[in-house]
Every structure is written in C-alpha cells, then in structure tokens.
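Taking it in order: structure first as structure tokens, then the write-up.
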Ligand code: G
Ligand code: G
Ligand code: MN
Ligand code: NA
C-alpha cells in the first residue's frame, strides 16, 4: 500500500523512465523499431521491476494515467529521434486492458501524436489476446479508431492466450509477436519449434508481420530468418536501454 502511494507520485517526481529495446529486421539486421518498457527508479529501493509495479498500477487504476504518460513520452521520443536525423522507426508501447477499455485513450493518442508530429506507422500499440477479446464489440470500434489515427496494432505474447483464432480476421491487427517462451525452447523442443513456425505461417497467410521475442542465440535468429520471420527482438541484439545508450548502440552498429 505504501508502494502504491509512492508509485502515484513517481511520474511527477521524475522516477519513471522508458527504456527502449531494439527490434531488428531479420533479413539484414537493420533497426526496424524499438519497444518502450517502463522502469521505476525508487529513491530507496532502486530499480523496481515492472513485474512488481505494473500489477499494482493495474489493480489500482493508476495504470490509466501512467499509460497516458507512456503514450506522451513515446511520442516525444519519436520527435527527438526525428530531430536527431534518425530514419523513421516503429516505436511500440504496451497497453493494459484498463487503458483500452477507458474513454480517454483515443484522445490521448490523437493529442500526443499531433503535438509531436508523429507520422502514420511510427507508433505501435502492443495488446494481448485476452485484452482484445474482453468486450470484443467495443474493442473492435476502439481499435478501428486507433488505426484511423495511423497507429499500428500488435498482439503481444502471441500463442499464450486462450482466445480463438477467429478474432485475427475480425480485428484490425498488423503484427504478431511470438511469445518468448516458444522462441526460448524452439531449438530443443520440436513442439515449440512447430508452434513458432506455425505462427509465422499463420501470420503471413493473414497478411500480418511477425516478430520473434526473446531471441538470445544466433542459432535461433538463423532459424527464424530462414522461416521468414520479419523482425527479431531479444538479448542477442540488446537489452532494453535508456535513450542515450540506444544512440550509442545504434552508432556502434553502423
Ligand atoms: O521489461 P520487463 O520484461 O521487465 O517487463 C515486464 C512486463 O511489464 C512485461 O510484460 C511488459 O509488457 C510490462 N510492461 C513494461 N512496460 C509497460 C508499460 O508501459 N505498460 C504496461 N501496461 N506494461 C508494461
Ligand atoms: O510482455 P512483454 O513482451 O512486453 O515483455 C517484454 C519483456 O521481455 C521485457 O521485460 C524485456 O526485458 C524481456 N526480454 C526482452 N528480450 C528478452 C530476451 O531475450 N530474453 C528474456 N529472457 N527476456 C527478454
Ligand atoms: Mn511487449
Ligand atoms: Na511478450
């Protein structure tokens, strides 16, 4: 409870930061985009894992203003990278169910994109299967409204949910992110490899881009590239980093 009180003021006290993890194109290793991941640097405890504070924020409803802050920060960062002369990237952020269900998300996204001159395709929202399926009809309208703003939509942790696959045709999804548990066991476990390959095939058949998360080994990257996976993300390339570290990483790769 004390932690919640502190989390409530974390943003205004400058304790929240977004770190950025690269997604590279499988074909040539070039930088396709980055995923923004929240970090909380607590004055005494130091770095608190999002696995700890995101559930707290979700249960308390704090995730809604916090998520609005993330949208604004991502758009501001897109503008800074553009000002620094970087080619256009796709910058993804994670959305919680309560944000998608709330009334303000679409206005917040529209305002932040407009204020920072974010172009279509530059902002991507990561949703989970279960989020989309709850109140499916209302979500369908919201997702279309977001798409109309030029936002792209990705399904995160794909393959771990319980939802039917039928929604993939009904919802305006652009991308599937294969859950890292499948990628992690792919080389040892024929079932996980088959699932990974099937997701790539399914995604492409439906006209979706496919991203593999949690790529840690060069041998995994080779198998995924040969299977036609579009983008790769994981510790093989980089951990989530502060913006200045990402700039150095990008510099070193060129
Ligand atoms: O960065 P890390 O792997 O520790 O993140 C743990 C979890 O926290 C992941 O599932 C990630 O999606 C989630 N997470 C990180 N940043 C955000 C955010 O800005 N909003 C939401 N809703 N979840 C986030
Ligand atoms: O649920 P979501 O996909 O948003 O979670 C992203 C989380 O995955 C981040 O916390 C990030 O730190 C973590 N992550 C990113 N790449 C790797 C990886 O290669 N291996 C492992 N184990 N975790 C990763
Ligand atoms: Mn994610
Ligand atoms: Na994931």
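Bear in mind that the values in this text are calculations on the coordinates, not laboratory data. Source: prediction; values computed, not measured. Counting neighbours? That spans all protein chains shown, and the Cβs are built from the backbone with ideal geometry, glycine included.
Below, the figures for the structure above:
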item: Order of 106, 63 under a 10 Å beta carbon neighbour criterion, fewest first; result: 106, 63
item: Hydrodynamic radius by Kirkwood, which averages 1/r over all alpha carbon pairs of the range 150-218, in angstrom; result: 12.4
item: Distance from the range 1-58 to the range 184-235 (C-alpha centre basis), Å; result: 26
item: 229, 75 arranged by Cβ crowding within 10 Å, fewest neighbours leading; result: 75, 229
item: Helix-only [θ]222 nm of the chain, DSSP H runs n ≥ 4, -39500 (n - 2.57) each, per residue, nearest 500; result: -14000 deg cm²/dmol
